[in-house]
Every structure is written in C-alpha cells, then in structure tokens.
Amino acid sequence: MNSRYCINCNSEKTYIYGRNYNMWYKYKEGFLCSNCHSKLISNKNRNPETVKKWNTINNKKWHPRRLLFKGKSITLKENPRQGICQQCKRVIGNGIKRTNIHHIEYHDNNPLKDTIELCPSCHNKQHIKRRGIKGQFI
C-alpha cells in the first residue's frame, strides 16, 4: 500500500473516518492531512469574497428583505421585519435566530398587507391551526 504524506507538514497521519478510512484532501500536486486542510482551507482563513457569499445577509435564501409571496420569492426595497415575534414577543438573539412573515390573507397588489411577523415556532403553530381535516392548508 502506498503511504501518503501531507505536503504542508510532511506527516503520514491524518484523521481516520469511519472504519479505517483516512481523510486525505487533494491539494495542488499532493495531499493535505485533515489538520492542515482545516488550517489552510477554512472559513477563518479564506478569501473575504468567498466568506461573503455564506454570510446570512448576502445569502439569497436568508436575506432579511426576502419574502415568499404566492410561491415566489421576492426581494423588497426595505426590510419588513423588526425582529420581534408578534405572538410570543421573543426577540432575535434571545432564543430565536430569525423571524418569518406570515400572510393571514394574500393581496395581489400589496405583498405586505395582512401579514404578521412570527418566530419559526409560532409560524408553524399558525399553519397547524389553519389546516383542514385532510391536512391541507385552507
């Protein structure tokens, strides 16, 4: 069996994953051990532009101005959220990470009309309350 060496620290050892499977990472002309891989290629040491795309503010999925409206994702000009659940009064950073906009009733011309801001737990409870007998949303 050919033994591998880390091109950074010249070590033969790396993290053993599962049943004797060594975690080697292909890098340039050779391999990196798991320790060197985590030091050289981690979020802390990456290029700021690479880290930027994983930041929640820049991420399209968790953008604070993003709103789901009739099955489509729209981005508003201003952030509609204030960071407080209108049902249980929990605040972002104190027990919850984000809030959801819940549509009580949809209006074609104004996506924010008849909406309330809820934490994920209260939002889920609202949908459970509104389900019909067959488990479908009304």
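His102: closer than 30 Å to Glu12 by Cβ and modelled with pLDDT of 75 or more, yes or no?
Working: closer than 30 Å to Glu12 by Cβ: no; modelled with pLDDT of 75 or more: yes.
Here the answer is no, as His102 does not meet what is asked.
Here is the figure for the range 62-103: residues that are touching a strand residue (DSSP E or B) at 6+ places or on another chain (Cβ under 7 Å) and either surrounded by 15 or more Cβ atoms within 10 Å (Cβ to Cβ) or part of a loop (DSSP other than H, G, I, E, B) (or both) total 20.
Residue pairs, Cβ under 8 Å, 6 or more apart or interchain, first in the range 65-76 and among the charged types (D, E, K, R), second in a strand (DSSP E or B). List them. That search, which allows pairs on different chains as well, returns Arg65/Thr75; Arg66/Ser73; Arg66/Ile74; Arg66/Thr75. Annotation note: Cβ proximity below 6 Å between a residue of the range 107-120 that is in the same structural domain as Lys70 (by TED's automatic domain parsing) and in a strand (DSSP E or B) and a residue that is of a type in the set (Lys, Arg) and surrounded by 12 or more Cβ atoms within 10 Å (Cβ to Cβ) (sequence gap 6+ or interchain) occurs for Glu117/Arg81. Every condition in (1) in a loop (DSSP other than H, G, I, E, B); (2) loosely packed, with under 14 Cβ neighbours inside 10 Å; (3) modelled with pLDDT under 80; (4) under 20 Å from the mean Cα position of the chain (by Cα) is met by Ser3 except one, and the failing one is (4).
Does Gly95 fit the bill of being modelled with pLDDT under 85 and in the same structural domain as Cys122 (by TED's automatic domain parsing)? Considered against the rule, which asks whether it is modelled with pLDDT under 85 and in the same structural domain as Cys122 (by TED's automatic domain parsing), Gly95 comes out as yes.
The values are calculated or read from the model by the stated rules, or taken from the named source; none is laboratory data. Since the model is a prediction, treat every value here as computed from it, not as a measurement. Quick reminder, even Gly has a Cβ in these numbers, built from the backbone with ideal geometry, and neighbours come from all protein chains shown.
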